[in-house]
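Undergrad: Mind looking over this structure? Questions follow.
The values are calculated or read from the model by the stated rules, or taken from the named source; none is laboratory data. Note that the coordinates shown come from a computational prediction; the quantities given were computed from them, not determined experimentally. So basically every Cβ, Gly included, is an ideal-geometry build from the backbone, and we count neighbours across all protein chains shown. Note: areas computed on protein heavy atoms with side chains; ligands, DNA, RNA excluded. Shrake-Rupley method; radii C 1.70, N 1.55, O 1.52, S 1.80 Å.
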Amino acid sequence: MRFKVMLCGRSTATAIALVIVASLGMTAPVIAKDKEKEVKPAVSPEFGAVAGPVQKALTDFQEKKGKLPPGDIKAQAALLVPQLAQIESKVRAPLDKQIFGQWEYIVGTGAGDEVLENKGLSLMASSGLMTPEQNSQIAAQLGQMAYKEKNYDAAIKALSPLVSNPTTQDGIGEMLAASYEGIGQPKQGLDALKSFVTAHTAANRPVGAEVYDFGVGLGFKAKLIPETTEWAVLRVAANPTPRNWLEAAELVRSNSTNNTNQDELDISRLLDQTGALGLSADTIGREYVIYLQSINANLLPSEALRIKEQGVASGALKASDTFVKDIEASARPRLAADNSSLDRLGSDASSAPTSRIAVTAGNIFLSHRDWARSDAMFTLALAKGVADDEKNHVLIRLAMAQIGENKFVDAKASLSKVTGQQAPIAQLWAIYADQKAAGK
């Protein structure tokens, strides 16, 4: 598993040390000897009495190591380890901890001693003298080290406070989620990762596509289908690629146990609109079959023939297949009558006492992508009163027509009224409406 943060491997230890040292001011801190110049907080007398020789040795090491090969740096740093051990018991005051912790970190990094690095970082954090930003950097470093050692509890403890900080690197959020997975709590890991995303989004900070991929992957691996679906929806909202649209739609579909043909049709139309049906033939062939199975080719021959021909042209369907031939045989004879009915549908629906003809007219106009007349018919149907069992689909299809007309605010309003089993489908269409409004 790879994260976009620096793990403390030996190949990068020197670089990490330089970055952390620079950011925390760890350049062999000088202990003031002139009482008049000494500022508060101060070192303890016990530490000040013994620290001078170690400070000089550390300063010499810092000055020479830029000219030494890696092997010599490690050897020179190792010589400083016992010197630190000799004065460790004299560390008393907060400033002692800050300084001595810096020394331990510098020496531990140079010597390749991760235990000493950890001790130094922990001691600095315990001093109470570091800035919030420095404490965050220390916590991230400690968490990375703990994760590398598979000490997941320690990693969780170190990294958890960082997820609410919108400046935290993406890799830290992923690592925290992976640490929860490491102790057998993948759902808690996804919750932590969601908190990370929420904090960044609220602060208008970008979140990398890899974070959403990680969330989907973790949920799928843990067989947490509702959570995986949620992450797939979050991902397609942030990164609306055809592949992400396909996976989000497939998960929404699989998360429901009783989808109807009408549900499938609303999902399939979304895949068509988002370009997901343009993926490779071997990937998308099943979706063309589902789409065509959900269409009433007698009622909507125009759409059935368009999707059939689109599937054949893409290689996802074969014209010689019996299934494809059956679609052609059902839809083709109805096409002329379908086209000739368009002009009278509006008047028939208006004069009808119920909404039934208006719903039928709306569906037919929608199949022809006649967005304005479809909008008018579904709006009329809702005004006349639509049965509860078809209202959600009328609202979703009204929104489809409104999206086609670039009436995105109206489409979102229509979709917000969808409840029950069709609500996740409406959520996907609402994401698509937002993206169309943003020109994506």
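Undergrad: What is the P(r) of the chain, as percent of Cα-Cα pairs per 20 Å bin from 0?
TA: Whole-percent P(r) values from 0 Å outward: 21, 36, 22, 16, 5, 0.
Undergrad: Using only Cα atoms, figure out Rg for the stretch 145-206 and give it as a multiple of 2.2 N^0.38 Å.
TA: 1.04
Undergrad: Radius of gyration and Dmax for the stretch 200-321's Cα atoms, expressed in Å?
TA: 16.1, 55
Undergrad: Turning to a different aspect of this structure: Taking the Cα centre as origin and putting +1 on Lys and Arg beta-carbons and -1 on Asp and Glu beta-carbons, what dipole magnitude results for the stretch 169-259, to the nearest 20 debye? If you can, show how the numbers build up before the last one.
TA: On the way: 8 positive and 10 negative charges, 29 e Å.
Here the size comes out at about 140 debye.
Undergrad: What relative contact order, as a whole-number percentage, does the stretch 295-338 give when Cα pairs under 8 Å and 6 or more residues apart are counted?
TA: 52 percent
Undergrad: List the lysines whose Cα sits under 22 Å from the Cα of Lys148, skipping any in the same chain fewer than 8 residues away.
TA: Hits, sequence-local ones excluded: Lys4, Lys74, Lys119, Lys157, Lys187, Lys221.
Undergrad: Let me ask another. Quick one: dipole size for the chain, taken about the Cα centre, charges +1 on Lys/Arg Cβ and -1 on Asp/Glu Cβ, in debye to the nearest 20. Mind showing how you got there, number by number?
TA: Numbers: 47 positive and 48 negative charges, 112 e Å.
Here the chain has a charge dipole of around 540 debye.
Undergrad: What number comes out for accessible area per residue over the chain if the probe is 1.4 Å? Units Å², please. Before the final figure, lay out the partial values.
TA: Details: 20700 Å² over 440 residues.
Accessible surface, normalised per residue, equals 47 Å².
Undergrad: Taking loop as defined by DSSP and a crowding limit of 16 other beta carbons within 10 Å, which trypsin sites (Lys or Arg not before Pro) in the stretch 294-350 fit?
TA: On the way: sites: Arg306, Lys308, Lys318, Lys325, Arg334, Arg344; in loops: Lys318.
Answer in residue order: Lys318.
Undergrad: Counting pairs of alpha carbon atoms under 8 Å apart in space and at least six apart in sequence, what relative contact order in percent does the stretch 168-279 give?
TA: Value for the stretch 168-279: 18 percent.
Undergrad: What span do the alpha-carbon atoms of the stretch 256-305 cover on each of the three principal axes, reported in whole Å from largest to smallest?
TA: Sorted from largest, the Cα extents of the stretch 256-305 read 29, 29, 17 Å.
Undergrad: While we're on this one: For the stretch 43-159, treating each Cα as an identical point scatterer without solvent, what Debye log10 I(q)/I(0) comes out at q = 0.13, 0.19, 0.20, 0.23 1/Å?
TA: With one equal scatterer per Cα and no solvent, log10 I(q)/I(0) is -0.53, -1.03, -1.10, -1.26.
Undergrad: Moving on to the next point. Over the chain, with every protein chain in place, what whole percent of the accessible area is carbon and sulfur at 1.4 Å, could you tell me?
TA: Numbers: 11190 of 20700 Å².
The nonpolar share, carbon plus sulfur, comes to 54 percent.
Undergrad: In the stretch 130-193, which trypsin sites (Lys or Arg not before Pro) fall in coil by DSSP and have 12 or fewer other Cβ atoms within 10 Å?
TA: Passing both the DSSP loop test and the Cβ count: Lys150.
Undergrad: In a solvent-free Debye calculation with one equal scatterer on each Cα, what is log10 I(q)/I(0) for the stretch 398-440 at q = 0.18, 0.23, 0.30, 0.32 Å⁻¹, listed in the order of the q values?
TA: Each listed q corresponds, in turn, to -0.41, -0.65, -1.02, -1.12.
Undergrad: Can you tell me what percent of all Cα-Cα pairs in the stretch 362-438 are more than 14 Å apart?
TA: Of the Cα pairs, 55 percent sit more than 14 Å apart.
Undergrad: Convert 4 °C to kelvin, take the viscosity as 1.567 mPa s, use the Kirkwood radius over C-alpha pairs of the stretch 140-284 as Rh, and evaluate the Stokes-Einstein diffusion coefficient in µm²/s, rounded to a whole number.
TA: 80 µm²/s
Undergrad: Would you please name the chymotrypsin sites (Phe, Trp or Tyr not before Pro) within the stretch 375-440 that are DSSP coil residues with at most 12 other C-beta atoms within 10 Å of their C-beta?
TA: Hits after loop and neighbour filter: nothing returned.
Undergrad: If the reach is capped at under 28 angstrom between alpha carbons, list the lysines near Lys412, excluding any in the same chain fewer than eight residues apart.
TA: Lys194, Lys384, Lys391, Lys436, Lys440
Undergrad: With each run of n ≥ 4 DSSP H residues scored as -39500 (n - 2.57), what mean residue ellipticity at 222 nm is computed for the chain after dividing by its residue count and rounding to the nearest 500 deg cm²/dmol?
TA: Calculated from helices alone, the mean residue ellipticity at 222 nm is -23500 deg cm²/dmol.
Undergrad: When the chain is treated as a GNM, springs tying every alpha-carbon pair under 10 Å, which of Asp338, Asp60, Asp170 comes out with the largest mean-square fluctuation?
TA: Asp60
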